[in-house]
Every structure is written in structure tokens, then in C-alpha cells.
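The values are calculated or read from the model by the stated rules, or taken from the named source; none is laboratory data. It should be emphasised that the depicted structure is a prediction, and the values quoted were computed from it without experimental measurement. Cβ coordinates were reconstructed from backbone atoms using ideal geometry, including for glycine residues, and neighbour counts include every protein chain displayed. Side chains are part of the model used for accessible areas, which takes the heavy atoms of the whole protein and leaves out ligands, DNA and RNA. Shrake-Rupley method; radii C 1.70, N 1.55, O 1.52, S 1.80 Å.
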Number of protein chains: 4
Amino acid sequence: MHDDPPTREELWERRTELPLFYASLLFITGYAVRVLAPRSEHLWRDGAGLVVLLTWLCFIGDYGVRLVLSGGRPLRFVRRHWLDTLIVVLPTLRPLRMVKVHDAIQARRERPRRGLYQRVIMYAGLSAVLLGFSGALGVYHQEHQDPHSSIRTFGDAVWWVCETLTTVGYGDVTPVTPVGRLIAVGLMVCGLALLGAVTGSFSSWLIQVFRQEDEEEPPGNRSSPEAP
Amino acid sequence: MHDDPPTREELWERRTELPLFYASLLFITGYAVRVLAPRSEHLWRDGAGLVVLLTWLCFIGDYGVRLVLSGGRPLRFVRRHWLDTLIVVLPTLRPLRMVKVHDAIQARRERPRRGLYQRVIMYAGLSAVLLGFSGALGVYHQEHQDPHSSIRTFGDAVWWVCETLTTVGYGDVTPVTPVGRLIAVGLMVCGLALLGAVTGSFSSWLIQVFRQEDEEEPPGNRSSPEAP
Amino acid sequence: MHDDPPTREELWERRTELPLFYASLLFITGYAVRVLAPRSEHLWRDGAGLVVLLTWLCFIGDYGVRLVLSGGRPLRFVRRHWLDTLIVVLPTLRPLRMVKVHDAIQARRERPRRGLYQRVIMYAGLSAVLLGFSGALGVYHQEHQDPHSSIRTFGDAVWWVCETLTTVGYGDVTPVTPVGRLIAVGLMVCGLALLGAVTGSFSSWLIQVFRQEDEEEPPGNRSSPEAP
Amino acid sequence: MHDDPPTREELWERRTELPLFYASLLFITGYAVRVLAPRSEHLWRDGAGLVVLLTWLCFIGDYGVRLVLSGGRPLRFVRRHWLDTLIVVLPTLRPLRMVKVHDAIQARRERPRRGLYQRVIMYAGLSAVLLGFSGALGVYHQEHQDPHSSIRTFGDAVWWVCETLTTVGYGDVTPVTPVGRLIAVGLMVCGLALLGAVTGSFSSWLIQVFRQEDEEEPPGNRSSPEAP
């Protein structure tokens with residue numbers, strides 16, 4: 001009885017997991033090519049745009065199929081699969097799901113509670129990296145042709161993203177176009193929340209490590225007075 | 001016995017809730033019109049100023065009536081209704097009360113403990129948005145006519161508020177007038193506290209979600225070794 | 001038996017409390033006059049310097065007397081009275097002790113656990129204000145005569161302190177002299193720790209308030225289904 | 001039975017502890033000399049480079065010997081001795097081990113749980129200082145000869161590190177070379193995590209201190225009403 005046959009939803013997830021992971025890599029590559037290719041390379045740019053569109057449709061289709069297979073109650077599905085819902089809106093976050101699958105495999109073998117903080121750090125950190133990369137592409141796309149902009153190269157955009165996500169904010173390079181600033185605000189808010197989660201979890205993890213070291217102290221060090 | 005007739009205070013609250021919510025929207029709109037209307041539009045500016053004044057008087061009046069209806073002990077009233085006291089001083093925060101009423105309705109139907117962190121995030125986030133909007137209006141009002149100022153448009157002011165509340169602080173636009181800087185300091189301190197609360201709660205919520213996923217693990221994944 | 005006669009240490013503390021509080025106000029005023037008075041006002045500057053010196057000697061003397069009265073074991077005294085030790089080094093923090101005395105009086109009347117987070121916020125916030133004021137005076141003293149400095153008035157120095165303590169850091173005014181930068185680094189580190197404590201406590205307090213509101217929910221709202 | 005003879009691993013650690021601590025000081029000094037010595041001083045620069053290389057080899061050798069002595073299972077060794085693994089990669093962090101040894105000696109004499117937060121603050125703070133010093137040397141090395149750079153002296157680099165680690169980020173001095181910016185990003189991320197840990201622990205410690213003071217309240221203050 002404990003070895004239930006997998007539901008149709010689980011079967012679908014198992015079969016689509018790997019193809020969709022590759023699709024997400026394609027999506028990110030396509031987006032990067034679309035933005036970073038010079039204006040004259042029409043073929044590359046159009047092809048990349050098509051790839052982005054097609055892979056996005058894959059994600060939306062997958063979400064729809066699973067919503068149907070789960071059998072009604074869409075609100076519950078959305079709440080239970082909040083990560084998947086987010087991925088449909090921002091497909092650059094798709095690689096996060098890979099971490100989740102890896103976690104699930106680990107959880108089947110090890111005890112599940114181990115490394116709660118590490119997993120939060122990994123998730124939040126990876127989200128920050130993926131969001132930061134998307135943000136750098138988006139801001140570069142908006143800014144690099146504006147005459148007043150200080151973001152000239154993609155390297156500048158990456159540097160700007162790093163100083164923004166960590167809230168350092170030197171201000172040596174800043175967006176000036178309205179859309180660039182809109183992306184920047186989104187990035188600031190997400191970065192604040194995600195890196196706050198990383199920082200908080202790191203702090204909690206550090207305290208946990210120190211506490212464990214106290215308890216794991218080899219008995220030879222302390223047990224002397226208790227020995228007969 | 002369990003179905004107490006509502007007290008006079010509760011009756012007053014029920015009847016004034018919706019009118020006062022609309023009054024708060026009027027207040028914010030009036031304040032925005034007052035600040036953003038061009039100098040030449042005397043009629044608009046004076047009318048908006050009047051609306052701000054009248055709605056403010058409504059809030060003060062409502063607070064006074066409820067203080068009287070609560071029957072003595074003003075200090076206890078102020079402490080118990082700290083949000084309302086704050087709203088009398090800063091009426092732009094009034095929409096927060098709507099969230100509270102919505103919460104109370106939800107609490108009557110669901111179990112009250114659910115979503116503690118989400119509610120803190122929602123409250124603190126909404127406060128930050130409302131304070132930020134008021135701050136942007138105030139700083140724009142003070143700065144946009146100063147010859148040395150870098151805040152020229154309302155868009156600049158909003159961008160400045162976003163980089164201030166998230167403590168990024170590029171410094172590409174900064175207030176230079178004394179009153180503008182005073183508003184800025186107030187915004188920094190509130191922003192630090194509110195966004196710290198958002199960040200901290202988000203971090204706690206994320207850890208909670210991960211912990212729950214550990215516990216909600218479908219039994220088919222782990223129970224095999226325990227099965228007979 | 002419960003009404004022990006006060007020890008000699010306690011008697012000394014009771015008698016010196018108020019005079020030393022006034023001395024601390026004198027110290028801060030003297031320091032401010034010393035820094036802010038124009039160069040030509042020799043009399044004011046010298047007088048203020050003397051006041052600073054004398055009040056500082058009072059604090060050192062008080063600390064010495066109490067160390068002796070406590071009867072040996074200086075290390076334990078230093079650890080137990082960490083706030084007093086800090087005050088001897090940085091007498092601008094002295095007003096913090098007043099808060100402590102006030103707390104102790106409150107603790108005798110009310111239940112002591114109440115308002116843990118509020119007290120941390122109050123202490124850390126007041127420390128930040130006192131440190132910030134001292135830092136603004138110190139940086140203004142170092143910077144306002146340097147030809148490359150952007151800190152020209154005391155108002156600039158206060159504005160700089162605010163953006164530094166909240167880690168916003170626009171960079172529109174920054175110290176350029178070595179001593180000014182040294183004070184700035186001290187301020188950054190203290191500000192980070194103190195405002196981190198304020199933010200963290202505010203966040204915890206907010207969560208506590210929300211949790212209490214859940215529990216204080218008037219019974220008429222929820223008990224209906226449980227009623228007979 | 002409680003007085004086990006030390007294992008070969010423990011004997012090795014005891015004998016190498018002090019020499020390796022001196023080696024780490026040599027490493028840091030050598031690195032500093034290598035970077036700060038003027039270009040013309042070939043002898044000093046080459047000697048310092050040699051010292052850096054030799055001491056680094058010592059650390060790698062020590063790690064290898066202990067890995068072998070621990071008897072197999074390298075993965076468990078790496079996880080258990082995570083600090084040592086980090087030190088092999090970044091030898092400037094070596095002095096952290098001294099703190100650990102000191103802690104271990106303290107733990108043998110006192111009760112081990114005391115001062116959890118203080119130790120986290122000390123570790124994370126010392127790591128931040130050591131990383132910051134290395135980062136200042138590295139960035140100075142990369143930047144001070146670039147014509148567009150604003151980091152001209154080692155003092156500028158230290159000032160830049162301080163405003164970066166605390167996330168203030170004035171932007172008056174910023175790296176412009178790609179390698180300088182890479183070091184900066186590493187520093188921002190580490191700084192955020194480490195100072196977040198310092199801030200969080202300081203906040204927790206402060207709350208703990210306040211809570212303890214409540215409990216340590218002298219009984220004469222409160223027990224009166226309970227007395228017969």
C-alpha cells in the first residue's frame with residue numbers, strides 16, 4: 001500500500017522535468033543573444049527572439065497541463081506550486097526548479113530537516129543571481145543607447161546590478177531612462193528581500209554551527225570531573 | 001450570551017469605516033493635486049488644499065468621537081488603537097486600516113494564526129509605499145524650484161524615494177534644501193525600520209515554507225523503509 | 001529581611017545620579033560650543049574646553065569610587081557595569097544611564113518583562129542619536145576648514161551623519177581628511193550594529209504585536225460556533 | 001578511561017599550531033610588502049613574493065598531512081574542518097584559527113555555552129577585518145596605476161573597503177578596472193553576509209543582555225509584596 005503508483009500529475013512532471021530544464025537554459029541564452037547581439041545581426045536577433053517566445057510558450061503549456069491534471073481547485077494549485085507560478089511569469093527563474101528536484105531526491109535518501117538554512121541560502125542566492133542576470137540584460141538593453149547614460153557596456157550593467165543588489169549603491173553608473181529605472185526598482189526590492197533572506201539564514205546557520213561545535217566537543221575535554 | 005449586541009463604539013466604527021476610507025483616498029488625491037498642479041492653476045490648488053483640510057478634520061473628529069465612546073482612560077485607548085493614533089498624525093497611512101478590517105473579516109472565517117509573516121510583510125510594505133508616495137510629493141514640493149536641486153520632475157522624486165527606502169542611495173538625485181533633507185531623514189529612518197521588518201519577515205516566512213515542505217513531503221517518498 | 005539596608009555602593013549611586021546627569025548635559029553642551037563657536041571667540045572656546053575636561057574628570061572619578069566601593073574584583077565590575085565603562089570612554093553616551101534608571105524605577109512598579117523590544121529600540125536608537133551628534137560635531141570640526149571638503153556647515157555634517165548611519169550613503173557630502181574618515185568608519189560600524197538592533201527589534205516587536213492581536217481577538221467574533 | 005592519549009592528528013595539530021600562526025602573519029606581511037613596496041624595489045618585492053608562496057605551501061602541506069592522518073573519508077574531513085579548508089584557499093583568514101584554539105582552551109575551563117553571540121560577532125568581525133585588509137591590498141594593487149581610477153593611495157583603498165563592507169557606498173572612490181570590480185563584488189557579498197551575521201548576533205546579544213538584567217534584578221526591589 002505504501003508504494004502507490006504515481007499519479008498522472010507525477011508521471012507528467014517526471015517526463016517533462018529534463019526537457020523543460022533544457023528549455024529554460026535555451027530561454028536564458030536566447031534572451032542574452034537577443035540583447036547582446038549587435039543591431040546589425042538581424043538573423044541572430046530574430047532567431048533568438050523566436051527561441052525566447054517558443055520556450056516561454058512551453059512553460060505556459062506545461063503549467064496549464066499540470067493545472068488540469070491536478071483536478072480542479074486552481075487556487076489551491078497556485079498556492080501549493082507558488083514557485084511554478086512565479087516561473088511562468090519570470091521564466092529566467094526556472095533553474096530554481098532543478099534545485100528543488102535535486103532537493104527532493106536528496107530528501108528521499110537523507111533525513112529531510114538537515115540543512116534548512118543552507119537550502120534557503122542556496123535558493124535565495126540562486127534567485128538573486130538569476131534575477132540579477134536578467135536585470136543586467138534588461139537595463140543594458142534600455143540604457144546603452146541613451147546619450148546621457150553611464151551604462152555603456154554589459155560589464156557596466158553587471159557591475160551596476162552587483163552594487164544595487166547588495167544595496168551598496170556607489171552611483172558611478174546609474175540608469176537614467178524611465179524603463180531602466182523601473183527595472184532597477186524591481187531589482188532593488190527583490191534584492192533587498194532575497195539578500196536579506198541570505199544574510200539572515202547565514203547568520204542563523206553560523207550560530208547553529210557554533211552551537212553544534214559546543215555540543216560535539218570531544219568528551220575527553222570536558223568529562224574529566226564527571227569520570228569515576 | 002455569546003452573541004453580545006455590538007457596543008456603541010463598534011456601531012460607530014462599522015458605519016464610518018467605508019466613508020472614512022473614501023475620505024482617505026480623497027485626502028491623498030487632494031494632496032497630490034495640490035503639489036503636482038502647476039503654480040498658475042489657482043483654482044485647482046486651492047480646492048485641493050481645502051479637500052486635504054476637510055478630510056483631515058474628518059479623521060480627527062472620528063478619533064475624538066471614538067475616544068469619547070470608549071469611555072474614559074485615553075492612555076489605554078491610545079495604546080490599544082496605536083494605528084489609529086498614527087493615522088490622525090499622518091492621514092496618508094489611513095488605507096492601512098482597510099487592510100486591518102479585511103484581516104478582521106478573514107479572522108472571523110479562518111483560523112487567525114495563519115499567515116502572520118505575510119500580514120507583517122503586507123502592512124510594512126504598504127506603509128512603506130504610502131510613506132514613500134507622501135515623501136516623494138513632499139520632497140518634490142520643496143526641491144523642484146531650487147536652482148541647485150537635482151530633483152526636477154516628480155519622476156525624479158519617486159526614483160529618489162525608491163533608492164532611499166531600499167538604502168541603495170546612488171546619490172544621482174539628492175535633496176539640497178533643509179526641509180527636503182528633513183523629510184529625507186524621516187523617510188530613511190522609517191524606511192529602514194519598515195523594510196527591515198519586510199526583509200526579516202520574508203526571511204522567516206521563507207524558512208517556514210521550507211520547513212513545511214519538509215513536513216508535507218508525500219508519504220510515498222519516505223515511508224518505504226518503515227513499511228512492514 | 002526583604003528590606004535590606006542599601007549598600008554603600010547603592011547609596012553613592014543614588015546621590016550622584018542626578019548631579020552626574022546634569023554633568024553629562026554640560027559635557028555635551030561644552031563640546032558643542034567648543035566645536036561650533038567661531039575661531040575668534042577665544043573665551044567661549046577655552047571655557048567650553050575646560051567644562052568638557054572637568055565633567056569628564058567627574059565621570060572618571062565616579063567610576064573609580066564605585067569600583068573601590070564594589071569591593072575588589074575589578075573584572076567582574078567592568079563586565080557587570082559594561083554601560084558605565086563605555087560611558088567613561090565616550091561620555092556623550094551618559095544620558096543612556098538616565099534611561100536605565102528610569103527603567104529600574106518602572107521595573108519596581110510593573111512586571112519587568114514587558115516591552116523588551118521597545119527598550120532595546122529605545123536604547124539603541126538613543127545611542128545612535130548621541131553617537132551621531134558627537135560624530136557630526138567631530139567630523140565638522142575636522143572637515144569644515146579643508147579646501148577640498150564638501151562638508152561646509154554643521155547642517156551638512158548632520159545630513160552626512162544621517163545618510164551614513166542609515167547606510168544610504170548618497171555621497172553628495174563625504175569626509176576627505178584622514179581623521180574625518182576615521183570618525184566616519186567608527187560611525188559606520190556603530191551605526192550598522194545599533195540600527196541593525198533597532199531594525200531587528202522593531203521587526204520582532206511588530207510580529208509580537210500582530211500575534212497578540214490574534215490572541216486578544218474579542219470572543220464575540222469567534223466563539224459563536226463553540227457556544228452551546 | 002577519560003584520559004585518552006591524544007591521537008596522532010591531535011599531536012600534529014598541537015605541534016604545528018604556533019609555527020603556522022607565525023607563518024600566517026608572515027603571509028599577510030609578505031603580501032602587504034609585495035603590494036605596497038614601490039615598483040623600483042625589486043629585491044623587496046621578489047622576497048615578499050617568495051615568502052607568500054612558501055607560507056602558502058606550508059598551509060597546503062599541513063592540510064594534506066592532517067587529511068591523511070584523519071584516516072580516510074576526505075569529504076567528512078572537509079565538512080568537519082570547513083574553516084581549515086577555507087584557510088587553504090584564502091590564507092589571510094588563518095588568524096581565525098587562533099581564535100578557535102583560544103576558544104577551545106576556554107571551553108575546557110568554563111561552561112561551553114557562554115557567549116555564543118559574542119563568539120559569532122568576534123569570528124565574523126575578524127573575518128570581515130581580514131577580508132577587508134586583503135581586499136584593500138588587492139584593489140589598490142589593481143587600481144592605483146589606472147589613469148581613470150579614483151583610488152590613488154592605500155588609504156583611499158582602506159576607506160573604500162570600509163564604505164563597501166558597511167554597504168554605505170558613497171561612491172567618492174570606486175574601482176574602475178575589471179579585476180578591481182571583481183574583487184569588489186566578492187567583498188560586497190562576503191561583507192553583506194559577515195556584517196549581517198555581526199549585526200544579527202549583536203541584536204540577539206543585546207536582547208539577551210536586557211532579558212538577563214530583568215531576571216538578575218536584585219530581590220530587594222521586587223520581593224516586598226511577597227514578603228510575609
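Mind checking which residues of region A:121-142 are hydrophobic (A, V, I, L, M, F, W, C) and within 13 Å of chain D (Cβ to nearest Cβ)?
At the first step, the residues of region A:121-142 found to be hydrophobic (A, V, I, L, M, F, W, C) are A:121-122, A:124, A:126, A:128-131, A:133, A:136-137, A:139.
Passing the criteria: A:121, A:124, A:128, A:129, A:136.
Between C:194, C:130, C:187, C:137, which is assigned to a helix (DSSP H, G or I), closer than 20 Å to residue C:95 by Cα, touching a Pro at 6+ places or on another chain (Cβ under 8 Å) and not assigned by TED's automatic domain parsing to the domain that holds residue C:84? Show your work before the answer.
Numbers: C:194 fails: touching a Pro at 6+ places or on another chain (Cβ under 8 Å); C:187 fails: touching a Pro at 6+ places or on another chain (Cβ under 8 Å); C:137 fails: touching a Pro at 6+ places or on another chain (Cβ under 8 Å).
None of the other options fit; the residue is C:130.
Out of curiosity, is residue B:201 in contact with a helix residue (DSSP H, G or I) (Cβ under 7 Å, 6 or more places away or on another chain), closer than 23 Å to residue B:25 by Cα and open to solvent by less than 30 Å² (accessible area, probe 1.4 Å)?
No.
Got a sec? Which helices (runs of 4 or more DSSP H) wholly within region D:34-107 have at least 2 residues that are within 21 Å of the chain's Cα centre (by Cα) and more than 29 Å from residue D:121 (Cβ to Cβ)? Walk me through it before giving the result.
On the way: elements: D:42-69, D:74-80, D:82-89.
Correct list: D:42-69.
With the requirement that a residue be assigned to a helix (DSSP H, G or I) and open to solvent by less than 20 Å² (accessible area, probe 1.4 Å), what does region C:140-157 give you?
Hits for region C:140-157 are C:143, C:157.
Of the residues in region B:36-64, how many are surrounded by 14 or more Cβ atoms within 10 Å (Cβ to Cβ) and among the acidic types (Asp, Glu)?
1
Quick one: in region D:199-213, which of the residues that are among the β-branched types (Val, Ile, Thr) and at the interface with another protein chain (Cβ under 7 Å from one of its Cβ atoms) is nearest to residue B:163 (Cα to Cα)? Reasoning before the result, please.
Applying the first criterion (among the β-branched types (Val, Ile, Thr)) to region D:199-213 yields D:199, D:207, D:209.
Retained after the next criterion (residues that are at the interface with another protein chain (Cβ under 7 Å from one of its Cβ atoms)): D:199, D:207.
Details: D:199: 22, D:207: 30 Å.
Out of the qualifying residues, it is D:199.
Just give me the residues in region D:143-162 being at the interface with chain A (Cβ under 10 Å from one of its Cβ atoms) and modelled with pLDDT of 90 or more, in sequence order.
Matches in region D:143-162: D:160 only.
When residues of region D:170-180 are filtered for being surrounded by 22 or more Cβ atoms within 10 Å (Cβ to Cβ) and more than 25 Å from residue C:150 (Cβ to Cβ), how many remain?
Summing the residues that are surrounded by 22 or more Cβ atoms within 10 Å (Cβ to Cβ) and more than 25 Å from residue C:150 (Cβ to Cβ) in region D:170-180 gives 0.
Which ones in region C:167-189 are in contact (Cβ under 8 Å) with a residue 24 or more places away in the chain and either more than 9 Å from chain D (Cβ to nearest Cβ) or more than 18 Å from residue B:189 (Cα to Cα) (or both)?
C:174, C:175, C:176, C:177, C:179, C:180, C:183, C:184, C:186, C:187
Considering only region C:72-124, state which residues are modelled with pLDDT of 70 or more, open to solvent by 80 Å² or more (accessible area, probe 1.4 Å) and among the basic types (Lys, Arg).
C:73, C:76, C:79, C:80
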